[in-house]
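The values are calculated or read from the model by the stated rules, or taken from the named source; none is laboratory data. Quick caveat: nothing in here was measured; it's all calculated off a predicted structure. A quick note on method: Cβ atoms are made from the backbone with ideal geometry, for glycine too, and the neighbour counts reach across all protein chains shown. Side chains included, ligands, DNA and RNA excluded: accessible areas come from the protein's heavy atoms. Shrake-Rupley method; radii C 1.70, N 1.55, O 1.52, S 1.80 Å.
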Amino acid sequence: GYVLGRLGINFHYLLFPGLVMHELAHYVFALLAGARVFEVVLWSPRGGHVVHTRVRGSSSVIIALAPLFAGNVLAAIFLQDGFNVLRSAGIDAGTTLWGLALVWLGFSFAVYSFPSKPDLRVSKSALERSFRMKLFGDSFLQKIASLFVYPLLFVFHGLLVLFIVPFSTNRTLRLACPCAMC
């Protein structure tokens with residue numbers, strides 16, 4: 001969003017379906033997890049958000065990372081359909097426009113499928129909370145299982161942070177685009 005912002009283009013306007021999908025994924029998974037939802041903002045020029053009650057750690061992780069799963073599934077469906085329509089469009093302008101619209105939707109879902117920094121913070125603290133509860137819980141089997149499962153979850157979360165956070169900061173984008181216009 002930094003480069004587009006410097007050009008006077010708000011990323012949320014350009015790819016608004018992705019932002020709406022991102023927040024809807026949080027909302028739907030919060031409801032499925034049994035959370036009470038207090039506020040939902042699906043779109044605004046500054047982004048969106050979902051405010052809900054606190055749920056157990058594992059459910060909180062799922063809510064925080066819901067757009068990653070839902071967005072990628074929707075992106076794959078819309079991009080595949082869009083490219084199939086474009087391939088078969090020939091010179092038909094209406095069909096070509098429909099194909100481009102599907103590709104745009106798929107692209108917007110893909111872009112907004114990445115967890116935001118707040119999503120990553122929430123999921124990390126929820127993972128830690130869940131791990132502590134399982135490790136210091138009553139069941140011996142839960143303790144043993146948590147020693148094997150949670151390190152893998154923390155590695156997965158670390159990979160998400162490693163690949164997402166550097167590209168969501170202004171400094172990184174300035175380094176990636178050293179031209180004077182950026």
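Among residues of segment 61-76 that are without any contact (Cβ under 8 Å) to a residue 60 or more places away in the chain and over 13 Å from D119 (Cα atoms), those with a Cβ under 8 angstrom from a residue that is outside any helix (DSSP H, G or I) and not polar (S, T, N, Q), sequence gap 6+ or separate chain, pair up as G71/Y112; G71/F114. Please tell me if F109 is within 26 Å of the chain's Cα centre (by Cα), under 14 Å from E23 (Cα atoms) and open to solvent by 50 Å² or more (accessible area, probe 1.4 Å). Judged against the criteria, F109 is not a match.
It is to be established whether one or more residues within segment 113-126 are closer than 16 Å to I77 by Cβ and within 28 Å of the chain's Cα centre (by Cα). Yes; the residues of segment 113-126 include at least one that is closer than 16 Å to I77 by Cβ and within 28 Å of the chain's Cα centre (by Cα). Scanning segment 67-105 for residues that are closer than 18 Å to L14 by Cα and open to solvent by 70 Å² or more (accessible area, probe 1.4 Å) yields L97, W98, L100, W104. For first residues located in segment 116-134 and of a type outside the set (S, T, Y) and surrounded by fewer than 16 Cβ atoms within 10 Å (Cβ to Cβ), partners that are at pLDDT below 80 and not in a helix (DSSP H, G or I) and lie 6+ apart or on another chain with Cβ distances below 8 Å form the pairs M133/R56.
Counting only helices (runs of 4 or more DSSP H) that sit completely within segment 1-112, those holding 1 or more residues that are modelled with pLDDT of 90 or more correspond to 16-32, 57-89, 93-111.
Suppose we filter E39, E23 for residues that are surrounded by fewer than 13 Cβ atoms within 10 Å (Cβ to Cβ) and not small (G, A, S); which single one remains? It would help to see each step written out before you state the result.
On the way: E23 fails: surrounded by fewer than 13 Cβ atoms within 10 Å (Cβ to Cβ).
The conditions single out E39.
Residues checked against (1) among the basic types (K, R); (2) under 29 Å from F156 (Cα atoms); (3) without any contact (Cβ under 8 Å) to a residue 40 or more places away in the chain:
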residue: A25; (1), (2), (3): no, yes, no
residue: R56; (1), (2), (3): yes, yes, no
residue: D81; (1), (2), (3): no, no, yes
residue: S108; (1), (2), (3): no, yes, no
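Filter segment 113-124 down to the residues that are touching a helix residue (DSSP H, G or I) at 6+ places or on another chain (Cβ under 8 Å) and in a helix (DSSP H, G or I), then identify the one that is farthest from L14 (Cα to Cα). Looking at the filtered set, the residue picked out is K124. When segment 134-155 is filtered for residues that are part of a helix (DSSP H, G or I) and either at pLDDT 75 or above or more than 24 Å from R54 (Cβ to Cβ) (or both), the ones remaining, listed by number, are F140, L141, I144, L147, F148, P151, L152, V155.
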